[in-house]
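Written below as C-alpha cells is the structure these notes are about.
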Amino acid sequence: MMIIATARQVRDGESVIVGMGPPLLSAALAKYHHAPNMWYCTESGPLDWVPTSRDLPAPIGIADHSLVEGSAMSGDMADALGAFVNGGWAQSAILQAAQIDRFGNLNTILAGTFEDPIRRLPGTGGNADIGASAQRVISTMPLESRRFKERADFRTTAGYIDGPGGRAEAGLAVQGPNVCATTMCVFSFDTPDGGLTGSCEMVLEQLFPGVSLEEVQAIVPWDLKVSPDLSYMDPPTEEELTLVRHLDNGNHLRPGRY
Amino acid sequence: MMIIATARQVRDGESVIVGMGPPLLSAALAKYHHAPNMWYCTESGPLDWVPTSRDLPAPIGIADHSLVEGSAMSGDMADALGAFVNGGWAQSAILQAAQIDRFGNLNTILAGTFEDPIRRLPGTGGNADIGASAQRVISTMPLESRRFKERADFRTTAGYIDGPGGRAEAGLAVQGPNVCATTMCVFSFDTPDGGLTGSCEMVLEQLFPGVSLEEVQAIVPWDLKVSPDLSYMDPPTEEELTLVRHLDNGNHLRPGRY
Amino acid sequence: MAEPIDSWPSGRSKLMTAREAVQRFVSDGDTIYSGFNILSLSLTNEIIRQGKKHLKAVAGSVTPNVTMMSIAGSVDRIETGYLSGTLNSKPFQEMMRDGRVKWNDYTNMTITLRLMAGGMGMPFICANSFLGTDYLKPEIMNHSRSLAEDRRREDGSISPPYAVIESPFDGKKALLYPALKPDVAIVHCQRADEEGNIQIWGPQADTKWGLWASRNVLVTAEEIVPRSVISTEPHFTVVPGFKVSAVIHEPWGAHPSGLNGHYRADRSWMELTGYGMTDWDSARQYLDEWVYGTEDHAAYITRYRERFGDDLLEALRVKDKMVPEQPAQYGWR
Amino acid sequence: MAEPIDSWPSGRSKLMTAREAVQRFVSDGDTIYSGFNILSLSLTNEIIRQGKKHLKAVAGSVTPNVTMMSIAGSVDRIETGYLSGTLNSKPFQEMMRDGRVKWNDYTNMTITLRLMAGGMGMPFICANSFLGTDYLKPEIMNHSRSLAEDRRREDGSISPPYAVIESPFDGKKALLYPALKPDVAIVHCQRADEEGNIQIWGPQADTKWGLWASRNVLVTAEEIVPRSVISTEPHFTVVPGFKVSAVIHEPWGAHPSGLNGHYRADRSWMELTGYGMTDWDSARQYLDEWVYGTEDHAAYITRYRERFGDDLLEALRVKDKMVPEQPAQYGWR
C-alpha cells in the first residue's frame, strides 16, 4: 500500500531522482503503470532508465547494473547529484528516511543523540543533497511512532526546518517536502509557496481504506493538522498489486510492512 | 631551430601539457625523436597521444581530431586543465606567448594598454591556467624586441611576478618558468627553488651556432644575466631537420621564422 | 522572454527547424554558450538572420562564429578565454577598441569551472589561474570596455569578475570565480534522438558543462537516431533529453569546422573567406551571400555545392574508421 | 612514507601483485579512497593481511569492505555519506559508539565534490546540502567521536568540516566544503593496460574523482589488455596511466560485489557471511578463514570454489551482452 501510494504521487513526464530502497520500487511501479514518460534517474549516474522488457524486476540498488541497460545516459554523481539535482533539474524526488518531523525534516543518521546514539544508521547518502535541491520532495516511510517525531532526533535533510521562512533563512531554495506517503495514510504540507508562508506543517490528506483519523493521530506525537478535504485513498487495483509483486521480486515487500 | 631547441627541452617519460601553436610541433618532434615515452596531452581533453603511424603529421590544433586516435583517454577540460594541470600532475608545459618579461611573466592578450590597446590578441586560452600550475614551464617565442620586455605590457600568465617570493606571496605554488627557447638562444631562470630565492631573472644559457651574446643583448631591453657556463647549442641534426619538416607538413614553419 | 525548458513534457519529440528553435528559445540580451567544440553554423546563421541583438557570447574558447555574430550586430558582449579569429579581422579589432564589443577575459579552465558551478547550482568556484597577474588589478577588472554594467548589484555597487578571499579552512588566499549560467547553448553533435539525448565524441573541451549550465539547449545533429542507438552506448550522452529544448537535423551542420567521425575542417574555405571577416566590405559581402542570402543551412550547403562543386565538400568526408578492438560489454544478466 | 607516484617513469609496466602494491604504496595513517563502485576485495584483504593501521576511509558511500577493515583494526576513521553494512554489524556499531572508529558525515554529492576539488587543486568547493540541518551546529561538527583532531591547525585551532561564508559576489550565504586528497585509492575495474590506463563502465558514482584526487592509485583489473584496446575506446578511460601506481591482474576481483559486463553480485554469499561482520565471533572466524587464511585473492577464489563448488561462482557470470546498435566512429582522415 505504501509503495502504491507513493507511486501514485509520481506524475507522467516529470524528471525524478529516485532514492535507495523502497523508492526504487515505487518509481518503477509508476513507470510501468501510469507514468511511462517519467525520467527515472538515480544518483550513481544512470539517467532516464527505460526497462528494456516488461519482465524485468525493479532495480534493487541505486547502482544496480540493470539501471544502465536502457538508460539514455550513463554518467556519474557529478552529473546525477551535482548537475541534475543540485542544478535544479529534478522535478520530483522520492526519498525514504528513518524519521520525519512536523516540518518535514528527515533523519537518516541515528536514533538517540550524537553523543549517546542508540543506533548508528547507514547515513544520508544523497538524501540531504536531494532534499536541499529537488523541486518537489516525496518522502515515504511506515507510519510508526519511532519514525514520526515533533522534532527529528537529528535533522540530516532540510524540510521546512522550523517553519515558514526557514529554508530562505538557511540559504536554501524556496521549495521543500510536498508529500509523505506512509503505511496508513498520505500527508501533504501546509504551505502555498514552498515554505515562505503557511504553517509548513504536515497535513493529513488521505487515509488508506479502513484506517481512522484517530489511529493516525495516536501514532503522530503532535497535534496533527487535518486537510478540510480529507479523503480515503482508492484501494489498490488488481493491476497495481500484480505489478508491484512482480516488480518487487521478493526484495522489499515484507508481510505487514509497506 | 626554435622548434628544435624547444623539443630538446622535453624529457622522455614526463607528462607534458602542450599549448597551442608551435608547441604542438615541438612536442611531436620530441615524441618522435628522443622522448617516445613522454605523455602528450592537450587542454581540450585528449591525454597521452601516441601517433598510430610515424607518417602522421603533428596535430595543428589543441582539439585536432588526430589527437584522439591513439590517445589513452578522451576527456574534457575538467580532466585536462582541471585535474591534470591544476591538480599538479603536469610535469612540464610548453607555452607560446606574445610577450615575456624579465621575470618570465607572459602576455597573451594585447599590445599596448587595456585602455588604449594597439592590438587585441586572441587571449590566454589555457595559458594562464597552465603557467599557474604546471611543475615546469617551457616557453617558446621568437627573440624580437616587441616580445621581450622589462615588464610585459600586460601580465596574463604568472611567472615569478616581480621576483623572489612573488609566487608564494600571490598564493601560487612555488614553481614557475624554467626555460624560454627562442629563435636565437635558450634562456633559463635564476632560482634554485622555484622562485623563493635567487634573482628569478631570465638567464642566457645557450646561444644558437653563429649567434653572439651582443646580438641577443641588443634585443633584450634589460641588462641580461649570462650563465657562467654559457654554451653554444649543438646544431640541429639531419634527423631532427627531416623530422620537423615532415611533422610540420607546412603548417607552422615560415622562412626566416622559428 | 524565451520559453522555459520545463514547458516540455518528456517523451515528446523536440524536433524542429533552426528557425523555430531560435524564434522560441533565443531572446535579445540572452547569454549564449557557443564553445569551440563543436560550433553549430546553422544556429549561428539563424541567429544573425533573425537579427537577435545584445547577446553575450560565453565559452572557454569561442570560434569565428562569435566574431561573425559580433560583426553582424547580434553579439555585443563576450566572456571567454580565447577569441579564435580576432587577429585577422579588422572590423572585430575595431569594435573591441571602440567599445561596440565589451568583454572580460577568463581562461579555458576558469570558464569550464564557471559553467560547472552554474550547472551544479554553486554560486562560485575556485581556481588559481589569475593569481599574480594584472587581471587582479581593480582598474582592469572594470576597464572601460569591460562588462561591469552586467555585474551591477541592486544596491548599485559592482560585483567583481573574480575575487580573492581567505580560506575559512587553512587561511590561505583563494581566488573565486562566479558561476556562469547561460540562457541558451547552441552546439552541433554527431547524433541525437528526438527527445534530445545528445551524443558527442572526440575532444570534449567545455561542452558538457556548457550544456548542463544553460537553461535552454539547442542542438543541431548530424544524424537523428532511434533511442536504441543512444541507449546501447549511453556513455556518449553528454546531457539527457530533459535538458534539451530543441533538436534540429542538420547534415554538414558543423561546416566549415570538422566533426570527428564524419568530416574534416574545411581549411581552404576558412582561408578563402575567413568567414569573410577580414574587412567590412568582405564581411558585408559574406553575410549577404552566405547568411542573409540563404534561408537555412541546407540552402547554405546547396550554395556551397553550386559554387565549388560537390567534390570539394565530399572530399572532406572521413574515410578511415577507428574500430574498437574489443568492444566493452554492458551485460548484467 | 609510501613511494610517491612520480617515481614511476612512464612507459614502464606497473604490473605487480596486490602484496607488492600494498607494501609499496599504503602506509599506516593514510587516507584511503574506496568507493562503492567498484570495490576491490583483493586490495582490501591485503591491507588487512599486512596489518596496516590507523587508515582513514573516504568515499561518497563506502561498502562493507570498510566495515571489514575497521573490525580488523586497519581503519579507525571514516568520512563518508553512507555506510553500507552498518546496521547488521554489532562489532561495528560498538566501535562507532565507543570511539574506536571516529567519523564525520558528508553526503554522496559533497564527497564527490570534495574529491573533485582535491583532484583539481582547489582548496574548497560549494554545496548547499547541509544548510538548514543539525550538521551546522558547532557541537555536532566536532562531536566527541568526530575527526576534529585531524583538522587541528598549526596554531592549535580546529578547522571546521564545512563552513558558511558570504559570497563576495552576491552577498548570499554559501556553504563550503574542504578539498579531499586521499593518499591512496583502491578500486577494481573491468580492464586496464600495463601502464595503468583504467577503463570502467556502468554506474560511475564518484570513482573518477576519487582516482584523480588520490596521490597513489592502486587498481585491480578483471582483464589486462593491450594498449590498442584502450586507445580504440578512449572514452572509457577514467584516469590515464601516469596517474596510476600499481596494476594488479585479478579475475573475480570485485567478488562478492558485481562487475558490469562480467558477473553479478553474489547476494547469497553476502547474506551467508555478511562478510562475517554480524558479531565478533563470526567476524574473527571470517577473517581467519577468508582473509588471513588465504594468501591472496586467487587463493580466496580457490577456497570459494572448493567450499561451494565452481557452479555457484560460474552461475554469477553475465550471459547477456548489450551490443551497440550503431558503434560510434572516431575516424578523422
>> Which pairs turn up if I take residues in the range C:211-228 that are at the interface with another protein chain (Cβ under 8 Å from one of its Cβ atoms) and look for partners that are part of a strand (DSSP E or B) and of a type in the set (A, V, I, L, M, F, W, C) with beta carbon separation below 7 Å, at least 6 apart in sequence or on another chain?
In response: C:Trp212/C:Val239
> Among the strands (runs of 3 or more DSSP E) contained in the range B:87-201, which hold 1 or more residues that are under 23 Å from C:Asn104 (Cβ atoms) and free of Cβ contacts under 8 Å to residues at least 60 places away in the same chain?
Replying inline: B:99-101, B:110-112, B:117-120
> Taking C:Pro91 and the conditions (1) touching a helix residue (DSSP H, G or I) at 6+ places or on another chain (Cβ under 6 Å); (2) closer than 30 Å to B:Ser133 by Cβ, which numbered condition does it fall short on, given that it satisfies the others?
Replying inline: (2)
> Only one of (1) modelled with pLDDT of 95 or more; (2) farther than 24 Å from B:Gly88 by Cα fails for C:Met109. Which number is that?
Replying inline: (2)
>> For the range D:25-38, which positions are closer than 19 Å to D:Arg215 by Cβ, in contact with a strand residue (DSSP E or B) (Cβ under 8 Å, 6 or more places away or on another chain) and outside any helix (DSSP H, G or I)?
In response: D:Val26, D:Asp28, D:Gly29, D:Asp30, D:Thr31, D:Ile32, D:Tyr33, D:Ser34, D:Gly35
> Only one residue in D:Ala254, D:Ala246 is away from chain A (no Cβ under 14 Å) and out of contact with any Gly (no Cβ under 7 Å at 6 or more places or on another chain), so which one is that?
Replying inline: D:Ala246
>> If I ask for residues that are outside any strand (DSSP E or B) and buried (at least 19 other Cβ atoms within 10 Å of the Cβ), which ones from the range B:202-218 would you list?
In response: B:Phe208, B:Val216
> Which residues, taken from the range B:49-74, are of a type in the set (Gly, Ala, Ser), free of Cβ contacts under 8 Å to residues at least 60 places away in the same chain and more than 8 Å from every other protein chain (Cβ to nearest Cβ)?
Replying inline: B:Ser53, B:Gly61
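Just checking, does the range A:6-20 include any residue being within 14 Å of chain C (Cβ to nearest Cβ) and touching a Leu at 6+ places or on another chain (Cβ under 6 Å)?
No, the range A:6-20 has no match at all.
Give the range A:75-86 a look and list any residue that's part of a loop (DSSP other than H, G, I, E, B) and either among the small types (Gly, Ala, Ser) or more than 7 Å from chain D (Cβ to nearest Cβ) (or both), or say none.
A:Gly75
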>> Take the residues in the range D:161-173 that are in contact (Cβ under 8 Å) with a residue 12 or more places away in the chain and at the interface with another protein chain (Cβ under 7 Å from one of its Cβ atoms); name whichever of them is farthest from C:Phe169 (Cα to Cα).
In response: D:Lys173
>> Looking at the range A:33-48, can you tell me whether even one residue there is touching a residue at least 60 places away in the same chain (Cβ under 8 Å), among the β-branched types (Val, Ile, Thr) and surrounded by 24 or more Cβ atoms within 10 Å (Cβ to Cβ)?
In response: no
>> Considering only residues that are in contact (Cβ under 8 Å) with a residue 24 or more places away in the chain and of a type in the set (Gly, Ala, Ser), which ones fall in the range C:146-160?
In response: C:Ser146
>> Would you confirm, using the coordinates I've provided, whether B:Pro221 is closer than 30 Å to D:Pro123 by Cα and either at pLDDT below 95 or not in a strand (DSSP E or B) (or both)?
In response: no
> When the range B:104-134 is examined, which residues are found to be of a type in the set (A, V, I, L, M) and surrounded by 24 or more Cβ atoms within 10 Å (Cβ to Cβ)?
Replying inline: B:Leu106, B:Ile109, B:Ala128, B:Ile130, B:Ala132, B:Ala134
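Residues being of a type outside the set (Lys, Arg) and part of a helix (DSSP H, G or I): count how many of those fall in the range A:17-72.
Within the range A:17-72, residues that are of a type outside the set (Lys, Arg) and part of a helix (DSSP H, G or I) number 14.
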> When you look at C:Gln190, is it within 10 Å of chain B (Cβ to nearest Cβ) and polar (S, T, N, Q), yes or no?
Replying inline: no
> Tell me, which residue of the range C:133-150 that is assigned to a loop (DSSP other than H, G, I, E, B) and touching a Lys or Arg at 6+ places or on another chain (Cβ under 6 Å) is farthest from the other protein chains (Cβ to nearest Cβ)?
Replying inline: C:Leu147
> If you take the residues in the range B:229-251 that are touching a Phe, Trp or Tyr at 6+ places or on another chain (Cβ under 7 Å) and not in a loop (DSSP other than H, G, I, E, B), which one is farthest from B:Gln206 (Cα to Cα)?
Replying inline: B:Leu247
> For the range C:220-238, does any single residue satisfy the condition of being more than 19 Å from A:Cys41 (Cβ to Cβ) and surrounded by 24 or more Cβ atoms within 10 Å (Cβ to Cβ)?
Replying inline: yes
> Across the range D:216-242, which residue is nearest to B:Leu81 (Cα to Cα) among those that are out of contact with any Cys (no Cβ under 9 Å at 6 or more places or on another chain) and of a type in the set (Val, Ile, Thr)?
Replying inline: D:Val239
>> With the requirement that a residue be away from chain B (no Cβ under 11 Å) and part of a loop (DSSP other than H, G, I, E, B), what does the range C:116-132 give you?
In response: C:Met120, C:Gly121, C:Met122, C:Pro123
>> Looking only at the range B:197-213, how many residues end up being over 20 Å from the mean Cα position of the chain (by Cα) and closer than 19 Å to B:Met1 by Cβ?
In response: 5
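This table checks each residue for (1) at positive phi; (2) hydrophobic (A, V, I, L, M, F, W, C).
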{"position": "C:Tyr162", "(1), (2)": "no, no"}
{"position": "C:Glu166", "(1), (2)": "no, no"}
{"position": "C:Gln190", "(1), (2)": "no, no"}
{"position": "C:Gln204", "(1), (2)": "no, no"}
{"position": "C:Arg215", "(1), (2)": "no, no"}
{"position": "C:Val225", "(1), (2)": "no, yes"}
{"position": "C:Thr237", "(1), (2)": "no, no"}
{"position": "C:Trp252", "(1), (2)": "yes, yes"}
> What about D:Ala185, is it at pLDDT 95 or above, among the small types (Gly, Ala, Ser), buried (at least 24 other Cβ atoms within 10 Å of the Cβ) and over 21 Å from C:Gly331 (Cβ atoms)?
Replying inline: yes
> What tally of residues in the range B:111-129 results from selecting those that are under 26 Å from C:Thr63 (Cβ atoms), β-branched (Val, Ile, Thr) and more than 8 Å from chain C (Cβ to nearest Cβ)?
Replying inline: 1
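A quick yes/no check of all residues on (1) more than 16 Å from C:Glu79 (Cβ to Cβ); (2) of a type in the set (S, T, N, Q):
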residue	(1), (2)
C:Asn142	no, yes
C:Leu147	no, no
C:Asp170	yes, no
C:Gln190	yes, yes
C:Val225	yes, no
> With the range C:39-115 as the region, which strands (runs of 3 or more DSSP E) entirely inside it contain at least 2 residues that are of a type in the set (D, E, K, R)?
Replying inline: C:75-83, C:102-105
>> Quick check on the range B:130-158: of everything there that is closer than 17 Å to B:Ala27 by Cβ and of a type in the set (Ser, Thr, Tyr), which residue is farthest from the other protein chains (Cβ to nearest Cβ)?
In response: B:Thr140
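The values are calculated or read from the model by the stated rules, or taken from the named source; none is laboratory data. The shown structure was predicted, so the numbers you read here are calculated from the model rather than taken from an experiment. Using ideal geometry, Cβ is built from the backbone for each residue, glycine included, and neighbour counts are taken over all protein chains shown.
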